[in-house]
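This is the structure, below, for whatever I ask next.
The values are calculated or read from the model by the stated rules, or taken from the named source; none is laboratory data. Values in this document were obtained by computation on a predicted structure and should not be read as measured data. All Cβ positions, even for glycine, are placed from backbone atoms using ideal geometry, and neighbour counts span all protein chains on display. The protein model used for the area step is the full one, side chains on, heavy atoms only, and it has no ligands, DNA or RNA in it. Shrake-Rupley method; radii C 1.70, N 1.55, O 1.52, S 1.80 Å.
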Amino acid sequence: MRPISARKSAILCVLDVGSSKIVCLIARLAPMEASDTLRGRTHRCRILGIGHQRSRGIKGGAVVDMEEAEKAIRLAVDAAERMAGVEVSSVVVNSTGGRLSSQHYQAKINVGGKAVSDYDVGRVLEAASATTARQGRAVLHSLPTGFSLDQTRGVRDPKGMIGDELGSDMHVIGCDAAAVRNLMLAIERCHLSIDAIVATPYAGGLSALVDDEAEIGATLVDMGGGTTSTGVFEGGNLTHVDAFAVGGNHVTLDIARGLTTRMSDAERLKTLHGTALSSTSDEREIISVTQVGEDADHANHVPKSHLVRIIKPRIEEILEMVRDRLQSAGYATQGRRVILTGGAAQLTGVAEAARRIISPHVRIGRPLGIQGLPESAKNPAFSAAVGLMIYPQFAGVEHFEPRSQQMQQATGTDGYMGRVGRWLKDNF
């Protein structure tokens, strides 16, 4: 995606397609001064319209029913358009399904002892990303995590520096191509084009991380309805991504099976009484459970401890899977700061369980720095959606066009018409 100019305002529409809800946000992005708290943001976001629908046709972050998914997306976008009073033609969308994974690549080029130019940086980034295509996988992000110049490593921006050999470390985030194609098809059937597809943990990190958390090291855990995804941030960069198809909907399913009640009643019990913490008062507190096929007049009354004994093992299983997968990828969790986002992170006791299982330094992450967001949306469930609005401000990290510059390098000029075309593209 082409980055938004730091001096221009823009209208942006984003679409968070999850397993439990589909959210559409329309916002106006206006230039702002740099902030020490929210690093890297160039624009202030003001929400103009919001629409959300119960997710249909989506399971584990992937489309399983095209007609239902299309219908839910249409309703969410229509509600946001009516509220904002604008008509949108393109969206930024997130992706959680399709087995998100990370790959790291390195590349080096010879710059011949001259000062490094934009063209050289584009060349080394292209060389690092040229080896990223894998059968059946789609590349969502190619993020440079650092440069090297001769023997000097950890270079942030090599432009203008002199050396012989320029190197780049590239973090590539990919997922199954079929999952992305079906998601794109469902959106395009709603007569919308796609500006960019963003990995959910990356979007959540852009929304919820503050100050120096990304610099000193933090792990974002997005606990959604059908999936749980993780993103590791170090040195100001996203360095690792992972996801697995277990989430809050599995807790609801466990309750429905364990108490033989409807899914809607199980969701209500989870929201009103659910907790991942055991208490001595659980045996004394009685909750009403309507059995499948029965009416409310014939509800069973069971102690709350029954509900806790169903919820607690599943939450612990999810957090243990996060810990084990991070450790197997080489990222020790003990002592690392952990930020929990996603709808399932709102369940009582999840943060305490994460402190016991993953790391003692845990907090609940909420979307930050956004104006006009309703109170009902200022919670972890909307972190990914808000992060999609912030992504265009950081898209310049991934945006490079070395091929178009090769003619300039060969001829020393790109011609009058080329300069006019580029001016029109940048300003309109």
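Please calculate how many Å² of accessible area region 179-225 carries per residue, with a 1.4 Å probe and no DNA, RNA or ligand atoms counted. Let's see the in-between values first.
Details: 1520 Å² over 47 residues.
So region 179-225 comes to 32 Å² accessible per residue, rounded to a whole number.
Let me ask something else about it. For the full complex of protein chains and a 1.4 angstrom probe, list Glu294, Glu87 by accessible area with the highest value first.
On the way: Glu294 85, Glu87 165 Å².
Per-residue accessible area, sorted high to low, gives Glu87, Glu294.
With a ≥ b ≥ c the root eigenvalues of the C-alpha gyration tensor of region 41-101, is it rounded (a/c under 1.5), prolate (a/b larger than b/c) or oblate?
Numbers: a/c = 2.75, a/b = 1.36, b/c = 2.02.
Taking the square roots of the gyration eigenvalues as a ≥ b ≥ c, region 41-101 is oblate.
At 0.36 nm per residue, minus the direct Cα-Cα distance, what do Arg56 and Met263 gain on full extension? Give it in nm, one decimal, please. Provide the component values of the computation, followed by the final result.
Numbers: separation 207, 0.36 × 207 = 74.52 nm, distance 1.45 nm.
Full extension of this stretch gives 73.1 nm more.
In whole percent, what relative contact order does region 177-314 give with Cα contacts below 8 Å and a gap of six or more residues?
RCO, region 177-314: 15 percent.
Next question, about the same structure. Mind jotting down a quarter of the surface of the convex hull over the alpha carbons of region 72-211, in square nanometres, one decimal?
On the way: hull surface 44.5 nm².
Projected area, direction-averaged: 11.1 nm².
Compute the accessible area per residue over region 88-142, keeping the other protein chains in place, probe 1.4 Å, unit Å². Show your work: numbers first, answer last.
Working: 2520 Å² over 55 residues.
Roughly 46 Å² per residue, with all protein chains present.
How large is the charge dipole for region 1-68, taken about the Cα centre, if only the Cβ atoms of Lys, Arg (+1) and Asp, Glu (-1) carry charge, to the nearest 20 debye? Before the final figure, lay out the partial values.
Working: 12 positive and 6 negative charges, 66 e Å.
About 320 debye.
Right, something else. Find how many whole Å separate the alpha carbon centroid of region 214-263 from the alpha carbon centroid of region 99-129.
Centre-to-centre (Cα) distance: 33 Å.
Only four residue types carry charge here, +1 at the Cβ of Lys and Arg and -1 at the Cβ of Asp and Glu. Report the dipole size of region 123-228 about the Cα centre in Debye, rounded to the nearest 20.
Details: 8 positive and 14 negative charges, 105 e Å.
It works out to roughly 500 debye.
Would you mind listing how long region 1-102 runs along its three principal axes, going by Cα atoms, in whole Å with the largest first?
Principal extents (Cα only, largest first): 44, 39, 23 Å.
Binning every alpha carbon pair distance of region 254-327 at 10 Å from zero, what are the percents per bin?
Taking every Cα pair in region 254-327, the percentages come to 19, 47, 24, 9, 2, 0.
For the chain, give the magnitude of the charge dipole about the Cα centre (Cβ charges: +1 Lys/Arg, -1 Asp/Glu; no others), in debye to the nearest 20. Spell out each step's value before the answer.
Values: 48 positive and 47 negative charges, 71 e Å.
Charge dipole, the chain, about its Cα centre: 340 debye, nearest 20.
Which of these, Asp164, Asp211, Asp295, has the largest mean-square fluctuation under a Gaussian network model of the chain (Cα springs below 10 Å)?
For the chain, modelled as a Gaussian network with Cα springs under 10 Å, the answer is Asp295.
Shifting gears a bit: Given 0.36 nm per residue, what is the gain on full extension from Arg181 to Met83 after removing their alpha carbon distance, in nm? Walk me through the numbers before you get to the answer.
Details: separation 98, 0.36 × 98 = 35.28 nm, distance 2.95 nm.
Stretched out fully, the Arg181 to Met83 stretch lengthens by 32.3 nm.
If eta is 0.692 mPa s and T is 37 °C, what Stokes-Einstein diffusion coefficient results for region 164-204, Kirkwood Rh from Cα pairs, in µm²/s?
On the way: Rh = 12.9 Å.
Approximately 255 µm²/s, per Stokes-Einstein.
For region 175-181, take each phi angle, set θ = phi - 60°, evaluate the Karplus expression 6.51 cos²θ - 1.76 cosθ + 1.60, and give the result in whole Hz per residue in order, putting x for glycine and proline.
8, 4, 4, 5, 5, 5, 4
Taking amide H positions as placed 1.01 Å from N in the peptide plane, with prolines and chain starts having none, which residues 5 or more places from Leu100, or on another chain, fall under 5 Å of its amide H?
Distant-sequence amide H within range of Leu100: Ala243.
Based on the alpha-carbon gyration tensor of the chain, what equivalent-ellipsoid semi-axes (square roots of 5 times the eigenvalues) come out, in whole Å, largest first?
On the way: eigenvalues 358, 125, 68 Å².
For the chain, the semi-axes come out at 42, 25, 18 Å.
Under a 5 Å amide H to amide H cut-off, with H placed in plane at 1.01 Å, what residues pair with Ile287 once short-range neighbours are removed?
Val302, Lys304
If you roll a 1.4 angstrom probe over the protein chains with everything in place, what fraction of the accessible area of region 75-132 belongs to carbon and sulfur, to the nearest %? Display every interim value, and only then the final one.
Values: 1250 of 2720 Å².
It is 46 percent, rounded to a whole number.
Less than 13 Å Cβ to Cβ from Arg153, Lys/Arg counted +1 and Asp/Glu -1: what total charge do the surrounding residues give?
Numbers: positive: Lys108, Arg156; negative: Asp150, Glu165, Asp169.
For residues surrounding Arg153, the net value is -1.
Another one. What trypsin sites (Lys or Arg not before Pro) in region 132-179 are in a loop by DSSP, with at most 15 other Cβ atoms within 10 Å of the Cβ?
Taking region 132-179 and a limit of 15 other Cβ atoms within 10 Å, the loop trypsin sites (Lys or Arg not before Pro) found are Arg134, Arg156, Lys159.
Let me ask something else. Can you tally the net charge around Met389? Count Lys and Arg as +1, Asp and Glu as -1, for every other residue whose Cβ sits under 11 Å from the Cβ of Met389. Can you show the working numbers first?
Working: positive: Arg28, Arg41, Arg44, Arg46; negative: Asp16.
Here the count lands on +3.
Go through region 41-49 residue by residue and turn each phi into a ³J(HN,Hα) via Karplus (6.51, -1.76, 1.60, θ = phi - 60°); whole Hz please, and just put x for glycine and proline.
The phi angles translate into 7, 10, 10, 9, 9, 10, 5, 9, x Hz.
Solvent-accessible area of Thr227, probe 1.4 Å, all protein chains present, reported in Å² to the nearest ten, please.
10 Å²
Reachable lysines from Lys8, Cα under 23 Å, same-chain residues fewer than 8 places away excluded?
The reachable lysines, counting only those whose Cα sits under 23 Å from Lys8, are Lys425.
If you don't mind, another one. Rounded to the nearest 10 Å², what accessible area does Thr271 show when all protein chains are kept and the probe is 1.4 Å?
For Thr271, solvent-accessible area is about 100 Å².
Tell me, what HN-Hα J-couplings in whole Hz come from the Karplus equation 6.51 cos²θ - 1.76 cosθ + 1.60 at θ = phi - 60° for each residue of region 298-305, using x for Gly and Pro?
So the Karplus estimates, Gly and Pro as x, are 10, 6, 7, 10, 10, x, 4, 4 Hz.
Then there's this: So what is the relative contact order for the chain, in percent, with contacts set as C-alpha pairs under 8 Å and at least six apart? Before the final figure, lay out each step's value.
Numbers: 943 pairs, mean separation 76.5, N = 428.
The value is 18 percent.
What fraction of the Cα pairs in region 103-157, stated in percent, has a spacing above 13 angstrom? Provide the component values of the computation, followed by the final result.
Numbers: 949 of 1485 pairs.
Roughly 64 percent, rounded to a whole number.
Right, something else. When the chain is fully extended, how far beyond the present Cα-Cα distance does Ala329 get from Asn110, taking 0.36 nm per residue of separation? Walk me through the numbers on the way to the answer.
Values: separation 219, 0.36 × 219 = 78.84 nm, distance 3.21 nm.
So the chain would gain 75.6 nm between Ala329 and Asn110.
Related question: Determine the sum of side-chain charges near Asp120: Lys and Arg each +1, Asp and Glu each -1, restricted to other residues whose C-beta is under 9 angstrom from that of Asp120.
Numbers: positive: Lys114, Arg123, Lys159; negative: Asp118.
In short, +2.
Then there's this: Can you give the calculated 222 nm mean residue ellipticity of the chain, where each DSSP H run of n ≥ 4 adds -39,500 (n - 2.57) and the sum is split over every residue, rounded to the nearest 500 deg cm²/dmol? Mind showing how you got there, number by number?
Numbers: 12 runs with 145 residues, N = 428.
Computed mean residue ellipticity for the chain: -10500 deg cm²/dmol.
What shape does region 167-306 take by its C-alpha gyration tensor, where a ≥ b ≥ c are the square roots of the eigenvalues and a/c under 1.5 counts as rounded, a/b above b/c as prolate, and the rest as oblate? The partial results should precede the final answer.
Numbers: a/c = 3.54, a/b = 1.76, b/c = 2.01.
Because a/c hits 1.5 or more and a/b fails to exceed b/c, region 167-306 counts as oblate.
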